[in-house]
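K.L.:
What follows is a structure written as structure tokens; I'll ask about it next.
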Amino acid sequence: MNTHPRTRTVVGCTLLVIALGASGTACGGDGNPLSAAPYDAADQIAFNASTEDGKKADPDKPLEVTAEDGRITDVTAKDATGRHVSGELSADGRRWHSTSPLAADARYTVRVSTEDDDGAPGRRLLTFDTGKPLTKKRLKVTFGPKSGTYGVGQPITAELSKPVKDRAQRAVVERGLRVESVPAVEGTWHWVDDKKLHYRPKEYWPAHATIRVRSELDGVRISDRLRGGKAKPLRLTTGDKIVAVTDAATHWMTVYRNGEEINSIPVTTGKPGFETRNGVKVVLAKEYFVRMRGTSIGIAEGSAESYDLPVYYATRVTWSGEYVHAAPWSVGSQGAANVSHGCTGMSTGNAAWFFKNVREGDLVKVVNSYGDTMEPFGNGFGDWNVDWQKWRKGSALVGGTPETPKPEQVARLRPAAV
């Protein structure tokens, strides 16, 4: 094999490196203050947090950084766990203050960048500790569902151990509940009530995404008598995008995987007086066998509508008892008429196929039924029936703001334009 071309390439690269090195040396003395190493700005920067041994800062007071000379260009503040502190910089660059609460009994590192009147950069590094909280009451957070793989419609839930009613306190809680996905998507929390939040993206989760949920509330002041506690983090993944669309008017279900039709199934839905709910529902569970009784939905035992049936391959979509399931007794009506008491019935073979191909978090959508729309909360996950604008209004952080809020100011800060 001829190796000469490779030898010439190596020599050429070596000469290029030498040339670049010579050029870099020549540029080092151009006198530009921005090319100089940052100077120690300790004499120019003041903090309201003590750096003396044994003294601890009050976590209930905001952190303040002021420039006694020159101006501040950057502030990064974070604790030992990596939690960043949000903040605002004044228009003249003379003062920065934190806008998110400090955690109690924590160590913080603050990096401040400055520049003097000539534009030369300065730096100051500060570490300080915050004191222990006066209150022992802690807000515990439990995330759901359990770690695992789900469909792209699965909302994230957060259950709080104590009610939080005040909007400002809700904002503190919400800011500390972090949801990150790969690929990244736009999403937000929605307060269902004083103790429960749901998180969903604007659209469904991407297929085969990884979602991580964690709390950064530990030690953070929520109110005078309440601080955040520890919470177990959560990791989810999503599978293929499975959407089953049932048209109650044509009596057919069409199942899609990642946007492509994979099956079309004759079905029967709720008859008059027992109409199936319209809208999007999320698969809650799969139960191979369920004994279904009319009394569970308010039908009097022994009445004309009474029933007591063994049901197989039952995929649950509401807690009140709506399923997609095998209904061999109604095969003659499937694809032709609606004769059920609200469930979506199909042949045993089709129900077994459906049972095998869906998982918790997959989506079941019903259209053209005379029934009400699936309720958003309390009977399963009807979250996707809330339009995005209304969903955002349920957030204490972004409710009432433009749809694309500015990224939270945590690491890179510049003075506002005067």
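The values are calculated or read from the model by the stated rules, or taken from the named source; none is laboratory data. Please read these numbers as outputs of a predicted model, since none were measured by experiment. Cβ atoms come from the backbone with ideal geometry, glycine included; neighbour counts cover every protein chain shown. Heads up: the accessible areas ignore ligands, DNA and RNA and are worked out on the full protein's heavy atoms, side chains in. Shrake-Rupley method; radii C 1.70, N 1.55, O 1.52, S 1.80 Å.
K.L.:
Residues being at pLDDT 75 or above and either open to solvent by 60 Å² or more (accessible area, probe 1.4 Å) or not hydrophobic (A, V, I, L, M, F, W, C) (or both): count how many of those fall in region 28-55.
P.N.:
Residues in region 28-55 being at pLDDT 75 or above and either open to solvent by 60 Å² or more (accessible area, probe 1.4 Å) or not hydrophobic (A, V, I, L, M, F, W, C) (or both): 8 in total.
K.L.:
Follow-up. Does G82 qualify as being within 23 Å of the chain's Cα centre (by Cα) and modelled with pLDDT of 90 or more?
P.N.:
It is false that G82 is within 23 Å of the chain's Cα centre (by Cα) and modelled with pLDDT of 90 or more.
K.L.:
Something else now. Could you check how many residues of region 286-319 are loosely packed, with under 14 Cβ neighbours inside 10 Å and touching a residue at least 40 places away in the same chain (Cβ under 8 Å)?
P.N.:
So the count comes out to 2.
K.L.:
While we're looking at this one, here's another question. Any residue in region 258-281 that's under 26 Å from G239 (Cα atoms): show its pairings with residues that are of a type in the set (V, I, T) and open to solvent by 50 Å² or more (accessible area, probe 1.4 Å) at Cβ separation under 6 Å, as long as the two are six or more apart or on different chains.
P.N.:
Here the result reads N278/T373; G279/T373, each pair linking region 258-281 to a residue that is of a type in the set (V, I, T) and open to solvent by 50 Å² or more (accessible area, probe 1.4 Å).
K.L.:
Kindly check whether there is at least one residue in region 193-200 that is of a type in the set (D, E), assigned to a strand (DSSP E or B) and loosely packed, with under 15 Cβ neighbours inside 10 Å.
P.N.:
The answer is yes; a qualifying residue exists.
K.L.:
Residues R227, R235: which one is in contact (Cβ under 8 Å) with a residue 24 or more places away in the chain, charged (D, E, K, R) and open to solvent by less than 40 Å² (accessible area, probe 1.4 Å)? It would help to see each step written out before you state the result.
P.N.:
Working: R235 fails: open to solvent by less than 40 Å² (accessible area, probe 1.4 Å).
Just a single option satisfies the conditions, and that option is R227.
K.L.:
So which residues in region 192-226 are closer than 13 Å to L160 by Cβ and not hydroxyl-bearing (S, T, Y)?
P.N.:
Across region 192-226, the qualifying residues are V192, D193, D194, K195, K196, L197, H198, L217, I222, L226.
K.L.:
Sticking with this one: Considering only region 201-216, state which residues are hydrophobic (A, V, I, L, M, F, W, C), buried (at least 20 other Cβ atoms within 10 Å of the Cβ) and more than 20 Å from K230 (Cα to Cα).
P.N.:
Within region 201-216, W205 is the sole residue that qualifies.
K.L.:
Also, I was wondering about something else. Can you tell me which of D224, D218 is under 30 Å from L102 (Cα atoms) and out of contact with any strand residue (DSSP E or B) (no Cβ under 6 Å at 6 or more places or on another chain)?
P.N.:
It is D224.
K.L.:
Additional query: Scan (1) touching a Lys or Arg at 6+ places or on another chain (Cβ under 7 Å); (2) open to solvent by less than 20 Å² (accessible area, probe 1.4 Å); (3) assigned to a loop (DSSP other than H, G, I, E, B) for the single condition V112 breaks and write down its number.
P.N.:
(3)
K.L.:
Ok, one more. Filter region 332-344 down to residues that are under 23 Å from D383 (Cα atoms) and surrounded by fewer than 23 Cβ atoms within 10 Å (Cβ to Cβ), then give me how many there are.
P.N.:
1
K.L.:
Counting only residues that are more than 25 Å from A77 (Cα to Cα) and in contact with a Lys or Arg (Cβ under 6 Å, 6 or more places away or on another chain), give me the strands (runs of 3 or more DSSP E) lying completely in region 119-181 with at least 1 of them.
P.N.:
Those strands (runs of 3 or more DSSP E) span 156-160.
K.L.:
Where residues in region 153-166 are of a type outside the set (D, E, K, R) and within 24 Å of W384 (Cα to Cα), which of them is surrounded by the fewest Cβ atoms within 10 Å (Cβ to Cβ)?
P.N.:
That would be T157.
K.L.:
Then there is this: Report, by residue number, each residue of region 345-364 that is open to solvent by 10 Å² or more (accessible area, probe 1.4 Å) and either touching an Asp or Glu at 6+ places or on another chain (Cβ under 9 Å) or not aliphatic (A, V, I, L, M) (or both).
P.N.:
Residues satisfying the conditions are S347, T348, G349, N350, W353, F355, K356, N357, R359, E360.
K.L.:
Restricting to region 247-263, and then to whatever is out of contact with any Gly (no Cβ under 9 Å at 6 or more places or on another chain) and β-branched (V, I, T), can you tell me which residue is farthest from H325 (Cα to Cα)? Full working, then the answer.
P.N.:
Restricting attention to region 247-263, the residues satisfying the condition of being out of contact with any Gly (no Cβ under 9 Å at 6 or more places or on another chain) are 247, 249, 253-263.
Those still in the list that are β-branched (V, I, T) too: 254-255, 262.
Details: T254: 15, V255: 15, I262: 18 Å.
Ranking the qualifying residues of region 247-263, first place goes to I262.
K.L.:
Across region 324-344, what is the total count of residues that are under 19 Å from V245 (Cβ atoms) and touching a Ser or Thr at 6+ places or on another chain (Cβ under 6 Å)?
P.N.:
6
K.L.:
Also, quick follow-up: Mind checking which residues of region 167-182 are in contact with a strand residue (DSSP E or B) (Cβ under 8 Å, 6 or more places away or on another chain) and either more than 30 Å from G239 (Cβ to Cβ) or open to solvent by 60 Å² or more (accessible area, probe 1.4 Å) (or both)? Steps first, please.
P.N.:
Kept after step one, since they are in contact with a strand residue (DSSP E or B) (Cβ under 8 Å, 6 or more places away or on another chain), are these residues of region 167-182: 169-170, 172-174, 176-182.
Within region 167-182, Q169, R170, V172, V173, R178, E180, V182 meet the criteria.
K.L.:
Considering only region 276-318, state which residues are among the aromatic types (F, W, Y) and out of contact with any helix residue (DSSP H, G or I) (no Cβ under 7 Å at 6 or more places or on another chain). I'd like the intermediate steps shown before the answer.
P.N.:
Taking region 276-318 and keeping what is among the aromatic types (F, W, Y), we get 288-289, 307, 312-313.
Listed by number, the residues that qualify are Y288, F289.
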